[in-house]
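Read through the structure below, which is laid out as structure tokens, and then see the notes.
The values are calculated or read from the model by the stated rules, or taken from the named source; none is laboratory data. Computed from a predicted structure; not experimentally measured. Methodologically, a virtual Cβ is constructed for each residue, glycine included, from the backbone with ideal geometry; neighbour enumeration extends over all protein chains shown.
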Amino acid sequence: MRTLILYGSKHGCTAKCAYLLRDKLENADVIDLSQNSSVSLSLDDYDAVLIGTSVYVGKINKAVAKFCTANLDKLKAKRIGLFVCCGLPEKAMEQLETGFPKELVQAARVKAYFGYQYEMDQLNFFERIIMRLVGKHRNETAIRHAAIEDFARSFVQENWR
Ligand SMILES: Cc1cc2nc3c(=O)[nH]c(=O)nc-3n(C[C@H](O)[C@H](O)[C@H](O)COP(=O)(O)O)c2cc1C
């Protein structure tokens, strides 16, 4: 079985998680949707597609949302897993479920929250202002390695059924 991991990441956290996930799976390729919008043809080569996004001001990554909407029928025919990186753990699942197309959320066999990361020197002027308003001033890394491990494990188990 071949697995494709697609992601959209603005400052690298979701990218890092996508590669950590790749390292726990056999035969998985990784593509950054922000850099490659024309992956639709190569979807045919994969049985499973895992899609990750970060969240900014309540919205999932634009390239991810656009890709999922444009390829919804093809994606629904695959084994699907969804993951999210965002700073609000209590809102993570809600943001995932409202951000991705509803039918894709329903089709997903695994959904998970992989944590977050802030690196102040990577943020632009407006992003820093927003972070100051919510009381965040320092770099923080809170990637949930155990959640990535669990996601990989349950996805492999799902695929055996
Ligand atoms: C300007 C700004 C806005 C953000 N808005 C949200 C938000 O609405 N909800 C949330 O849960 N996290 C929010 N975050 C946190 C990011 O989702 C988090 O830092 C994530 O790890 C970024 O992933 P990326 O590096 O892959 O883009 C925000 C972060 C920044 C800098």
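Computed values, structure above
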read-out: Lone qualifier among Glu140, Glu127 - being surrounded by fewer than 20 Cβ atoms within 10 Å (Cβ to Cβ) and within 21 Å of Leu21 (Cα to Cα); value: Glu140
read-out: When residues of the range 85-103 are limited to those that are crowded, with 19+ Cβ neighbours inside 10 Å and not aromatic (Phe, Trp, Tyr), the one farthest from Lys136 (Cα to Cα); value: Gly99
read-out: Any hit, the range 57-64, residues being within 16 Å of the ligand (Cβ to nearest atom) and of a type in the set (Lys, Arg); value: yes
read-out: Residue check for Lys78: surrounded by 15 or more Cβ atoms within 10 Å (Cβ to Cβ) and in contact (Cβ under 8 Å) with a residue 24 or more places away in the chain; value: yes
read-out: Which numbered condition Glu149 fails, given (1) out of contact with any Ser or Thr (no Cβ under 7 Å at 6 or more places or on another chain); (2) near the ligand (Cβ under 8 Å from one of its atoms); value: (2)
read-out: Single condition Ala48 does not satisfy, out of (1) of a type outside the set (Phe, Trp, Tyr); (2) within 16 Å of the ligand (Cβ to nearest atom); (3) farther than 18 Å from Gln117 by Cα; value: (2)
read-out: Pairs with Cβ under 8 Å, 6+ apart, first in the range 1-14 and of a type in the set (Lys, Arg), second surrounded by 18 or more Cβ atoms within 10 Å (Cβ to Cβ); value: Arg2/Ala28; Arg2/Tyr46; Arg2/Ala48; Lys10/Ser54; Lys10/Asn61
read-out: Selected residue (criterion: nearest to the ligand (Cβ to nearest atom)) from residues of the range 80-115 that are modelled with pLDDT of 95 or more and among the charged types (D, E, K, R); value: Lys91
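Quick grid of which residues meet (1) within 18 Å of Ser9 (Cβ to Cβ); (2) of a type in the set (Phe, Trp, Tyr):
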| site | (1), (2) |
| --- | --- |
| Ala108 | no, no |
| Phe114 | yes, yes |
| Gln117 | yes, no |
| Leu123 | yes, no |
| Asn139 | yes, no |
| Ala146 | no, no |
| Arg153 | no, no |
| Gln157 | no, no |
